[in-house]
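Remarks on the structure that follows.
The values are calculated or read from the model by the stated rules, or taken from the named source; none is laboratory data. Keep in mind the model is a prediction, meaning the values are calculated, not measured. Using ideal geometry, Cβ is built from the backbone for each residue, glycine included, and neighbour counts are taken over all protein chains shown. Remember, those area values only see protein heavy atoms, side chains included, never the ligands or the DNA or RNA. Shrake-Rupley method; radii C 1.70, N 1.55, O 1.52, S 1.80 Å.
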2 protein chains.
Amino acid sequence: MGGEGQSETREAIMEATYRALCDHGYASLTMQNIADEFGKSKGLLHYHFDSKEELLVAFIDYLLAGFEDDIASIEGPPDERLAAFIERFVVANGDERRALHLALLELRAQAPFNDRFRDQLARSDAIVRAAVADMVDEGITTGVFRADTDPDALARVVLAAMDGARMRGLTIGDDTYPAAVRDALITYVLDDLLVGAAE
Amino acid sequence: MGGEGQSETREAIMEATYRALCDHGYASLTMQNIADEFGKSKGLLHYHFDSKEELLVAFIDYLLAGFEDDIASIEGPPDERLAAFIERFVVANGDERRALHLALLELRAQAPFNDRFRDQLARSDAIVRAAVADMVDEGITTGVFRADTDPDALARVVLAAMDGARMRGLTIGDDTYPAAVRDALITYVLDDLLVGAAE
């Protein structure tokens, strides 16, 4: 029971952090902002997390775990799953995830200077990359993708392209970028890998 | 003559900014750091640039112009030029450009909140993208690339993939990322576009 209450409190803190990051951005975020969204005292926040860094490390973990679950929940044949995965990166103007992705971009820019942020991102990159590589692998086994496809190499190029497209879209204020790169990736990468497309 | 001295001073300030950014990173950079690298007073710096933001906008311009000149200077057949362009994004550990790219990543993360940074990056994206699209276009005209290739779509996916690869490499501390994505991009995108590769 105590454990249940504890985990509900942590969940509530994570949701409050999400809203505070969306409203204030990463650079000016304070524990007070999070406490305000949490609707409880800053003291209670500090009871659960010693520092803002501690809380943000837990938040990255929470967010990445959500993204990883999201990928695991995609169903269908491997080529459709891969296309659905790519779709998750497409953030349009007005999208409620946009503010979060802006805050995440700032947080990622700090990762080279923060070992704990970097380790979290590295761990997640490995998990997500393996999930994409598994889709490709399954597609080879079931005869959807060409047998000479390297699952990890393909996973890296897909991840990098969609990540870069989202970053460019956000940083230059061009919301057409992610969708344009998605289409190009499907035309110039995925379609060419389909068995029977070309040999 | 006066104009010449003026432009030499600006060039010296830009080089000092480059070194100061590499040494201190973006977040903690001060006008004093730049003045120290410049070897002149902060007052002289302020004579040329009203504020740090003013100076950084000029620096982004300087850096992007250098990158654009760099691309324009690549020679050879279009497919080789495209491969050489991709190579510019590969930053390895120990690379002297690494510190600069870390600082640039922080600066880009500020672009969504800074109209002038964003406009500079958008302008540069358009120029670089057009240069890559021109290589593809020339490749189609000279019969190197397949005629059904969309130059702008291809330029976007190449730029996004290499940008994302560099960002992932820097933020998760995996210096093999850019080279791995370069290889995958050549195998799964560029090679498939060559006339005779597949139809």
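Looking at A:Gly66, is it within 29 Å of A:Glu15 (Cα to Cα) and out of contact with any helix residue (DSSP H, G or I) (no Cβ under 8 Å at 6 or more places or on another chain)? Walk me through it before giving the result.
Working: within 29 Å of A:Glu15 (Cα to Cα): yes; out of contact with any helix residue (DSSP H, G or I) (no Cβ under 8 Å at 6 or more places or on another chain): yes.
It is true that A:Gly66 is within 29 Å of A:Glu15 (Cα to Cα) and out of contact with any helix residue (DSSP H, G or I) (no Cβ under 8 Å at 6 or more places or on another chain).
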Given the criterion under 24 Å from B:Pro112 (Cβ atoms), open to solvent by 30 Å² or more (accessible area, probe 1.4 Å) and hydrophobic (A, V, I, L, M, F, W, C), identify the matching residue among A:Leu56, A:Leu29, A:Leu104.
A:Leu104
At pLDDT below 90, loosely packed, with under 14 Cβ neighbours inside 10 Å and part of a loop (DSSP other than H, G, I, E, B): is that true of A:Gly76 in this structure?
no
Has the stretch A:186-193 got at least one residue that is within 7 Å of chain B (Cβ to nearest Cβ) and outside any helix (DSSP H, G or I)?
no
Restricting attention to the stretch B:145-158, and to residues there that are in a helix (DSSP H, G or I) and closer than 17 Å to B:Glu80 by Cα, which single residue is nearest to the other protein chains (Cβ to nearest Cβ)?
B:Leu154
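Find the residue count for the stretch A:1-23, including only residues that are free of Cβ contacts under 8 Å to residues at least 40 places away in the same chain and part of a helix (DSSP H, G or I). Steps first, please.
The initial filter retains those residues of the stretch A:1-23 that are free of Cβ contacts under 8 Å to residues at least 40 places away in the same chain, namely A:1-9, A:11-12, A:15-16, A:19-20.
So of that shortlist, the ones also part of a helix (DSSP H, G or I) come out as A:2-9, A:11-12, A:15-16, A:19-20.
Qualifying residue count for the region: 14.
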Subset of the stretch B:159-169 [facing chain A (nearest Cβ under 7 Å) and open to solvent by 10 Å² or more (accessible area, probe 1.4 Å)]
B:Arg168
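Suppose the filter is of a type outside the set (Phe, Trp, Tyr) and part of a loop (DSSP other than H, G, I, E, B); does B:Ile34 pass it?
On the way: of a type outside the set (Phe, Trp, Tyr): yes; part of a loop (DSSP other than H, G, I, E, B): no.
Criteria not met by B:Ile34.
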All-but-one check, A:Ala165 against (1) of a type in the set (A, V, I, L, M, F, W, C); (2) part of a helix (DSSP H, G or I); (3) free of Cβ contacts under 8 Å to residues at least 60 places away in the same chain, failing number (3)
Here is a list: B:Val189, B:Val195. Which entry is touching a strand residue (DSSP E or B) at 6+ places or on another chain (Cβ under 7 Å) and modelled with pLDDT under 90?
B:Val195
Return yes when B:Arg116 is open to solvent by 40 Å² or more (accessible area, probe 1.4 Å), at pLDDT below 90, more than 9 Å from chain A (Cβ to nearest Cβ) and at negative phi and no when it is not.
no
Residue that is surrounded by the fewest Cβ atoms within 10 Å (Cβ to Cβ), among those in the stretch B:59-73 that are among the small types (Gly, Ala, Ser) and assigned to a helix (DSSP H, G or I):
B:Ala72
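Which is over 19 Å from the mean Cα position of the chain (by Cα) and not basic (Lys, Arg), of B:Asp163, B:Asp175, B:Asp192?
Working: B:Asp163 fails: over 19 Å from the mean Cα position of the chain (by Cα); B:Asp175 fails: over 19 Å from the mean Cα position of the chain (by Cα).
After ruling out the rest, the residue left standing is B:Asp192.
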Which of (1) among the β-branched types (Val, Ile, Thr); (2) in contact with a Lys or Arg (Cβ under 7 Å, 6 or more places away or on another chain); (3) part of a helix (DSSP H, G or I) is the odd one out, the single condition A:Val90 does not satisfy?
(3)
Matching option when the condition is modelled with pLDDT of 90 or more and open to solvent by 30 Å² or more (accessible area, probe 1.4 Å), among A:Ile127, A:Ile172
A:Ile127
May I ask you to list pairs of residues, at least six apart or on different chains, whose Cβ atoms are under 7 Å apart, with the first in the stretch A:79-98 being surrounded by fewer than 18 Cβ atoms within 10 Å (Cβ to Cβ) and modelled with pLDDT under 85 and the second being part of a helix (DSSP H, G or I) and not aliphatic (A, V, I, L, M)?
A:Arg88/A:Asp70
Check off (1) modelled with pLDDT of 95 or more; (2) within 17 Å of A:His101 (Cβ to Cβ) for A:Cys22 and give me the number that stays unchecked.
(1)
Check the stretch A:128-144 and report whether any residue there is within 10 Å of chain B (Cβ to nearest Cβ), under 26 Å from A:Glu80 (Cβ atoms) and of a type in the set (Asp, Glu).
no
Restricting attention to the stretch B:40-50, the residues that are farther than 23 Å from B:Leu104 by Cα and either loosely packed, with under 12 Cβ neighbours inside 10 Å or touching a residue at least 60 places away in the same chain (Cβ under 8 Å) (or both) number exactly 3
